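One structure is given here, and the rest of the page talks about it.
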Amino acid sequence: MTPDSLRAALRGVPDPEWLDAAVRAVAAEPAAIGRFFPAAGRRCGRHDLPGLPGWSADEAARALLLTALPTDHAAHAEARYRHGDAAEKRAVLKALPLLPIGTAGAPLLHDAIRTNDTRLLAAALGPYARHLDPAAWRQAVLKCVFTGVPLAVVHDLDARADGELAAMLAGLAAERQAAGRAMPADAAALLDRLTSGSAPITAREA
């Protein structure tokens, strides 16, 4: 994912001139993002983008605005997240891997994972989730299972899944079996992969 791929996917938005002007304005005057960021849904639409699976037009437009900033990406991302509605928060979370911020956005992931908003949880487990420590990442994956978020949204799931996660899933499976409830199919499949040796299992990391 790059700013160029965001631009390409956004070519068919209802108001491309507005978006181009917004990107130029934010690049020249970073504080302008506070005006343009909330308006992206109304001006660009909220439909899913065929050329960018998993992204909506407003999310891609807002991510593009964040990438257009010349400096202070982490501070602006945090401000837009803290003061934004759920859609704006999701856009920030999805944009984090595109920003030159190192680990500075990790607190936003932790906040999203603590909420009861499953769409925020899903957005937090994209590529930037590599900055979650192993224990926090495992708990987030387990929360996906509890809340019904498809594990397909978890970036690098099989690469990061380890013996500790397998043990946690096995414990949950036993609890559900005792209660006469089934595990979600994707969680059961992951547990099977982990315990059968078809996915990498490492020693406990944290």
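The values are calculated or read from the model by the stated rules, or taken from the named source; none is laboratory data. This structure is a prediction, so every number in the text was calculated from the model and none was measured. Positions of Cβ are generated from backbone atoms using ideal geometry, with glycine treated the same way; all protein chains shown enter the neighbour counts. The protein model used for the area step is the full one, side chains on, heavy atoms only, and it has no ligands, DNA or RNA in it. Shrake-Rupley method; radii C 1.70, N 1.55, O 1.52, S 1.80 Å.
Per the listing Thr103, Thr2, the residue uniquely within 17 Å of the chain's Cα centre (by Cα), farther than 30 Å from Ala135 by Cβ and open to solvent by 20 Å² or more (accessible area, probe 1.4 Å) is Thr2. Set side by side, the residues Thr115, Thr195 differ, and just one is open to solvent by less than 70 Å² (accessible area, probe 1.4 Å) and β-branched (Val, Ile, Thr), which is Thr115.
On the stretch given as the range 71-118, residues that are at pLDDT 95 or above, of a type outside the set (Val, Ile, Thr) and assigned to a loop (DSSP other than H, G, I, E, B) total 9.
With the structure loaded, tell me whether Asp156 is within 30 Å of Arg176 (Cβ to Cβ), touching a residue at least 24 places away in the same chain (Cβ under 8 Å), out of contact with any helix residue (DSSP H, G or I) (no Cβ under 8 Å at 6 or more places or on another chain) and among the acidic types (Asp, Glu) or whether it fails that test. The answer is no for Asp156. Only one of the listed residues (Gly12, Gly54) is assigned to a loop (DSSP other than H, G, I, E, B), open to solvent by 40 Å² or more (accessible area, probe 1.4 Å) and either closer than 18 Å to Ala129 by Cβ or hydroxyl-bearing (Ser, Thr, Tyr) (or both). That residue is Gly54. Among the criteria (1) open to solvent by less than 50 Å² (accessible area, probe 1.4 Å); (2) part of a helix (DSSP H, G or I); (3) touching a residue at least 12 places away in the same chain (Cβ under 8 Å), the one Gly171 does not fulfil is (3).
Scoring Arg7 on the criteria (1) at pLDDT below 95; (2) open to solvent by 40 Å² or more (accessible area, probe 1.4 Å); (3) assigned to a loop (DSSP other than H, G, I, E, B) leaves a single failure, condition (3). Exactly one residue out of Arg62, Arg43 is assigned to a helix (DSSP H, G or I) and closer than 19 Å to Pro97 by Cα: that is Arg62.
Of the candidates Ala21, Ala28, Ala61, the single residue that is modelled with pLDDT of 95 or more, over 29 Å from Val141 (Cβ atoms) and surrounded by 19 or more Cβ atoms within 10 Å (Cβ to Cβ) is Ala61.
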